[in-house]
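Working notes, beginning with the structure itself.
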């Protein structure tokens, strides 16, 4: 029977108990490599072809045939099968896997003068997980496996720790997130998710560039957080002797740029909110916010729809996708429904008819809405009803429009519906994915709303904020009519890559310390 590893003068990995034994064995191999005149940690390797390029180029090469075509590849050894004078390694680079066909006669003929034991060293001192460089020609074995028939090889990096078991894989969810590097090695579909993520953001940038937007950068450290209701992270600047906050949104600085004369701006970057962790929330996440002068929230609906559809086409080649078994159509037009209509459809209650808060609360309770006793307005009751009864039912892309003014402190009053603002939220697969306003440009109205927020902060609301006086000053210089939109990149990536959790769409999500996980309190 073939072995998955070579016999070795040093102890075999599989005979040692535990990780430390494996590591000790491999450290001995590091010393053996040095003693043989080889470096366990090389400086470089010239690569001529990626694995995927070779697989495509020689797709029609018949079984048993060879091509006199010189190649040089490099990657990680994922599996080893070793015979007496022949070995087969599976080599993985970023683009895929290919077999290395390692024949003693060929390797010794090419490398024997410099290293008389070249083939034995290959058998004895390599392990799954090592990074290897290989030169040779192309061969398809009799069994049909495209291979590099190796003439020369070099150890590029000796791996000290073993890869997860081939058959059981890396199944511990928390460990997958914590040791993302191992997850990426052994799960190609995870690498594919992050490739798609990069393509999604590139498509968005490209689309906005074509529409005349410019990308800008605004401060991460801010003296006064704003642009959303969220609890900020607090830090401290020693030299300035002042508290600073990690931004919770990019909104207020982007609007300053609109005041300054830019007409189309956006920023794609990280924001930070000191909130809980769940399958749809991570304390640091990526958003894109964009602002367009002389536009309103209707224009933002058209832009958002076109931008997301373009990303889907660029990355997936289609607007018809599957998310966790649910068929989703991103094709235009997307549904548009007012918040009042959406709530009435699901609860039977038309909250637009109420002028008395107590009666609105009573109707909400009758409809099964809980936690309304502390609601400060009918608008807050309506929002509770929406979040509890409607939000998770919005599976297909849906714009929910015209929100209560009480929950939208930065939006312009609706031009024809008193008590509402011109705002939409985009929902896909039951999750808010984007948020947009006809932006408030009246500095007096804006001050009143921010002062109401400041009063809530003084009363103990950790998500409310003080008045940003400099932002008010900017508005007093005059901001043109403006449409603004913010979209959660992580949530869009989830939809377009069929990721069940936001942590599957973020390379390095925040996790509790390992001790907490050992105590059974992990969040995975």
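The values are calculated or read from the model by the stated rules, or taken from the named source; none is laboratory data. Predicted model, so just to flag it, every value in this text is computed and none were measured. Cβ placement follows ideal geometry from the backbone for every residue including glycine, while neighbour counts extend to all protein chains displayed.
How many residues, within the range 217-246, are in contact (Cβ under 8 Å) with a residue 24 or more places away in the chain and surrounded by 14 or more Cβ atoms within 10 Å (Cβ to Cβ)?
Going through the range 217-246 one residue at a time, the tally reaches 15.
Applying the selection to the range 354-377, what residues are in a helix (DSSP H, G or I) and surrounded by 12 or more Cβ atoms within 10 Å (Cβ to Cβ)?
357, 359, 360, 361, 362, 363, 364, 365 - these are the residues of the range 354-377 that are in a helix (DSSP H, G or I) and surrounded by 12 or more Cβ atoms within 10 Å (Cβ to Cβ).
If you go through the range 144-151 one residue at a time, do you hit one that is outside the structural domain of residue 489 (by TED's automatic domain parsing) and part of a loop (DSSP other than H, G, I, E, B)? Talk me through it step by step, then tell me what you get.
If we filter the range 144-151 for residues that are outside the structural domain of residue 489 (by TED's automatic domain parsing), which is where we start, we get 144-151.
Now drop any that are not part of a loop (DSSP other than H, G, I, E, B), which leaves 144-145.
Looking for residues that are outside the structural domain of residue 489 (by TED's automatic domain parsing) and part of a loop (DSSP other than H, G, I, E, B), one finds at least one in the range 144-151, hence yes.
Out of the range 92-116, which residues are touching a strand residue (DSSP E or B) at 6+ places or on another chain (Cβ under 6 Å) and not in a helix (DSSP H, G or I)?
92, 93, 97, 98, 99, 100, 101, 102, 103
Of the conditions (1) in contact (Cβ under 8 Å) with a residue 60 or more places away in the chain; (2) surrounded by fewer than 16 Cβ atoms within 10 Å (Cβ to Cβ); (3) within 21 Å of residue 34 (Cα to Cα), residue 113 fails just one. Which one is it?
Here residue 113 clears every test but (1).
Across the range 117-129, what is the total count of residues that are over 16 Å from residue 162 (Cα atoms), out of contact with any strand residue (DSSP E or B) (no Cβ under 9 Å at 6 or more places or on another chain) and assigned to a helix (DSSP H, G or I)?
Total satisfying the criteria: 1.
Taking into account only those residues within the range 414-466 that are in the same structural domain as residue 326 (by TED's automatic domain parsing) and surrounded by 18 or more Cβ atoms within 10 Å (Cβ to Cβ), which is farthest from residue 353 (Cα to Cα)?
Among them, the one singled out is 465.
Would you be able to say whether some residue in the range 25-34 is over 34 Å from the mean Cα position of the chain (by Cα) and at pLDDT below 95?
no
Could you say which residue among 260, 226, 169 is over 24 Å from residue 307 (Cβ atoms), at pLDDT below 95 and assigned by TED's automatic domain parsing to the domain that holds residue 502?
That would be 226, the only listed residue that is over 24 Å from residue 307 (Cβ atoms), at pLDDT below 95 and assigned by TED's automatic domain parsing to the domain that holds residue 502.
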